[in-house]
Every structure is written in C-alpha cells, then in structure tokens.
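All remarks here apply to the structure that follows.
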Amino acid sequence: MVTAATAAPERPRRRSRRARREALIFYLCVAPWVIGFVAFTLGPMVASLYLSFTRWDMLSAPEWVGLRNYIKIFTDDPNFYQSLKVTTIFTLFSIPLRMITALFLAILLNEATWGVDFFRTVFYLPAVVASVAAAVLWTWILNPRFGPVNGALGLLGIQGPRWFSDPNYALWGLIIMSVWNVGGEMLIFLAGLKGIPRSLYEAAEIDGAGRLARFFRITLPMLSATTFFNFVMSVIGAFQSFDAAFVISTARAGTLGGPAKSTLLYMLNVYNEAFNIANMGYATALAWILFAIIFVLTLAIVRSSSLWVYYESERR
C-alpha cells in the first residue's frame, strides 16, 4: 500500500519533468530564428516606423516632426504621384505578360516528350542571372543603334525606337525586360500542371472536348491556386522593382528615373530621397506608404480568391 501510494505521485512528476525538458529543447531550437527575426526584421521595422515621423539626414540626431512627412507626401510631392503612376502602369502591363508567358512555357514543357530537362534549364536560366548584369545586357539588346531588336526591325523596314533614351518607350522597355526572367513562375506553373490528373483530360476528350475547351474547363480552374500564388508574388515584386530601372535609367538617360521621369518607379523615388537627398526620415515614410499599398492590394486579392480559386480539399 505504501509503495502504491508513493508511486502514484511519481508519474505526474516524471511527466512534468519530461514536459519541461521538451519545452526547453523547443525554445532552444526556435531561439535562433526568434533572435534573428527580432534583430533583423522586427527591430528594423519598428525603428523605420519611428524614423518616418522624423527628419533625419543619417549624420545628425533624428528630429521629431510628427505627421509632417506624410502630409508633404500627399500634398506637396509630385515625385510621389509620378512614381506611383509609373509603378502602377508597370504593374498592370508586366504582370499579365509575365503570367501568360510563364504559363505558355510551362504548358510547352508539360506537353513535351523530349528535351524537357534541357529546355527547363534554358527557360529558367534568366531567373538566376544577376539583375544588374541582366539590365546591362538589355541596354545592349535594346540599343537604338546596334541592338539586335532594332536591327531586326530595320530588316522589316521599321524604324526602331530609341527605347531607354525616349520617354515614350523607356517604360515599355522595362516591361519587355521584366518578361525575360519568368523562370520562377514557369516552374511553379509546371508543378501545378503535373498535379492535374490525366483522367480529367481523358474523360473530357472522350466527351469530345477540344484543346481550347480542355484548357479553359480543366487546366485553368485546376491551376487557379497556383495562379493565385504567382499573382500575389508578382504584384509584390512589381511594386518593389528597382535594380533594372536604376541601372538602365542612369546608364542610358543619365538621370535617376529618366528620361523625363518616365522610369521613376516607386523604389527609385525612395532611393533618391534616402541616399541622394539624404532625407532618410522622408524616405522611410514613403516606404511605409508602399507597405500599406502592397498590404491593401494583397488583402484584396486574398479576399477575392474565394470567387475564382479552386481548392480541391474544400470541395470534399
């Protein structure tokens, strides 16, 4: 009786000791991530939010100005509206072109019977090329005098534009360039295509459905979740575009966002305020407005996804 009475409390004690040990191991495992997140993400975000309410030139101490930066952005900053307009146009045209191109290449690879590995590597290769190197390459491809694009147009009797030196064509050059590195989206679409059961196509073919009918009735609906992911990431990436516009505008037009501010993307404006004008407080306010724009757009896309995204698990 004594042994049974003393053994009963031993089990909960052993369990609590084991639970404490497991909890300690858990906290030790997640500690590096938590420390890194606080030090390199959460901490800088909180600091930048504070700086957005200050005037700071990175040399002297920040001076609190309250909402003055935000008021100036909306009431007395033509560059803000110009950069927002340019970025919106860039986003509206580049994303559909990128998505269509990526899906087209993915379908080609999915239907191919030979050379799949080779062409998959070739199509993905531009995505791993450094963005600065790609921008330099495209300044040559779209060079108005000796570039291959204008050379091909000349053979057809068409006078090629001056591309990055012409305000009417510079942004379109960036849009064309953005379609070049769709390798990431292509691989994601390809993975989605591989997940569509072949039995659906076989049943549709037996019912007499043609290629277009199978594409619009089976492929697109079954790829809607993949399309949703690619679309969200493309919107975020388009609003954060910087490298190509920076290299090309300074190399060809000689001014940041040139010519005539036709390539002044939003992030170029933030960079200009932060490092050329040394107005870091104002630049962080611009950055937080961009964060708010991307957050609202992403939230709207996610909320609307229930209307057009098909999840097989939700239909069971």
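When both the range 149-167 and the range 31-80 are represented by their alpha-carbon centers, they are found 44 Å apart.
Computed over the chain, the per-residue total of -39500 (n - 2.57) for DSSP H runs of n ≥ 4 gives a 222 nm mean residue ellipticity of -21500 deg cm²/dmol, rounded to 500.
Sorting 71, 196 from the fewest to the most surrounding beta carbons within 10 angstrom yields 71, 196.
Taking 8 Å as the Cα distance limit and 6 or more residues as the minimum spacing, I'd like the relative contact order of the chain as a percentage. After rounding, I find 26 percent. Structural descriptor for the range 209-265: relative contact order 19 percent, calculated from alpha carbon pairs under 8 angstrom and at least 6 residues apart.
Using only side-chain charges placed at the Cβ, +1 for Lys and Arg and -1 for Asp and Glu, the dipole size of the chain relative to its Cα centre rounds to 1120 debye.
Protection proxy ranking for 123-129, 304-310, 277-283, using the average of other Cβ atoms within 10 Å per residue and placing the highest first: 277-283, 123-129, 304-310.
Sorted by packing (mean other beta-carbon atoms within 10 Å per residue), highest first, where do 72-78, 175-181 land? Mind dumping the intermediate values first?
Details: 72-78: 11.9, 175-181: 19.6.
Ranked by mean Cβ neighbours within 10 Å, highest first: 175-181, 72-78.
In the range 76-315, a dipole from Cβ-located charges (positive for Lys and Arg, negative for Asp and Glu) runs towards its positive end, and of 255, 310, 293 it is 255 whose Cα lies farthest in that direction.
Any idea what the relative contact order of the range 157-316 is, in percent, if you count C-alpha pairs under 8 Å spaced at least 6 apart? Display every interim value, and only then the final one.
On the way: 115 pairs, mean separation 39.3, N = 160.
Computed over the range 157-316, the figure is 25 percent.
Kirkwood analysis of the Cα pair distances in the chain returns a hydrodynamic radius of 23.9 Å.
Only helices at least 24 Å long along their axis, Cα-based, and averaging 0.5 or more on Kyte-Doolittle count here, so list those DSSP H runs from the chain. Spell out each step's value before the answer.
Numbers: long enough: 2-37 (52 Å, -0.07); 78-111 (50 Å, 1.01); 280-308 (41 Å, 1.73).
Length and hydropathy pass: 78-111, 280-308.
Rank the residues 166, 243 as a footprinting-exposure proxy: fewest other Cβ atoms within 10 Å of their Cβ go first.
Working: 166 17, 243 14.
Going from least to most buried by this count: 243, 166.
Read-outs throughout are calculated quantities, based only on the coordinates presented, and are distinct from any laboratory measurement. Predicted model only: the values in this text are computed from it and were never measured. Please note: Cβ atoms are built from the backbone with ideal geometry, for glycine as well, and neighbour counts cover all protein chains shown.
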